[in-house]
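In what follows, a structure is listed as structure tokens, so that the remarks can point back to it.
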Amino acid sequence: MLLSVYAYGQPVLKKMGQPITAAYPKLEKLIADMWETMYHANGVGLAAPQIGKAIRLFVVDTVQMMEEGREAEGIKMTFINAEKVEESGEEWPYEEGCLSIPDVRGDVERPANIRLRWVDENFEEQEATFTGLNARVIQHEYDHTDGILFTEYLKPIKKRLIKRKLENIKKGKVSADYRMKFV
Ligand code: ZN
């Protein structure tokens, strides 16, 4: 089932996500719906606050971002209760966007690597280090579960440039190819 993507300005996007247990109601269905919603919107990641739930859950599929022949370097994974163990490596800029903030893109600097601890969709404990685009998308989605949006990292001049756009999104004055829920 397609879910509505909560738009910039929705308070849930600024909330600290809470950890969940395996007893979380209809979790399997929720995760399936998040995948469906993400693919429908041509996203590479989606975090639970973006569908209105302030919980520590996100899904990532970077396989679709990898060059032909290098798909194996991508990941398709569900992250529950993720905790950042460490970020390392040099910061590098990458132009990010967000399904909750249509038509806004901007360069964000983030460390090259991230080590995470989490449980997967079967509540099996996992720990791994991610690099490159995998790290990038995970960092962006992980931030959502902490109530942080990529626009908060943009340089002051860029922030000024997108101010009007953000105000318009808050008012619902934006169009997207997927269903959104505005304030
Ligand atoms: Zn996002």
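Listed values, structure above:
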quantity: Derived scalar couplings ³J(HN,Hα) [the stretch 72-88; Karplus, 6.51 cos²θ - 1.76 cosθ + 1.60; whole Hz; x for Gly, Pro]; calculated: 4, 7, x, 10, 10, 8, 9, 10, 10, 6, 5, 10, 6, 7, 6, 10, 8
quantity: Residue-averaged 222 nm ellipticity for the chain, from DSSP H runs of 4+ at -39500 (n - 2.57), nearest 500; calculated: -7500 deg cm²/dmol
quantity: Cβ-derived FRET efficiency at R0 25 Å, residue 103 paired with residue 14, nearest 0.05; calculated: 0.80
quantity: FRET efficiency for residue 65 and residue 179, using Cβ-Cβ distance with R0 set to 25 Å, rounded to 0.05; calculated: 0.60
quantity: Accessible area (Å², per residue) of the chain, counting only protein heavy atoms and a probe of 1.4 Å; calculated: 53 Å²
quantity: Projected label distance in nm at residue 148 and residue 91, using a 7 Å step from Cα toward the beta-carbon; calculated: 1.1 nm
quantity: Cα-based Rg / Dmax (Å) for the chain; calculated: 15.7, 45
quantity: Cross-link reach list, aspartates and glutamates versus residue 29, counting only Cα pairs under 12 Å and skipping chain neighbours closer than eight places; calculated: 121
quantity: Segment residue 117-residue 83, extension gain: residue separation times 0.36 nm, minus the distance between their alpha carbons; calculated: 11.7 nm
quantity: Check: the chain dipole with +1 on Lys, Arg Cβ and -1 on Asp, Glu Cβ, in debye; calculated: 1360 debye
quantity: Fluctuation leader among 55, 162, 101 - the chain, Gaussian network, Cα springs under 10 angstrom; calculated: 162
quantity: Unit charges at the beta carbon, dipole of the chain: most positive-side option, 89, 72, 39; calculated: 39
quantity: Residues in the stretch 64-88 that a label on residue 21 would reach, taking backbone N under 16 Å of a point 7 Å out along Cα→Cβ; calculated: 81
quantity: Rounded to whole Å, sorted largest first: equivalent-ellipsoid semi-axes of the stretch 7-72, Cα gyration tensor; calculated: 24, 15, 11
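The values are calculated or read from the model by the stated rules, or taken from the named source; none is laboratory data. Just so it is clear, the model here is predicted, and its values are computed rather than measured. With ideal geometry, Cβ positions are generated from the backbone for all residues, glycine too; neighbour counts draw on all protein chains shown. These area figures cover heavy atoms from the full protein model, side chains too; ligands, DNA and RNA do not enter into them. Shrake-Rupley method; radii C 1.70, N 1.55, O 1.52, S 1.80 Å.
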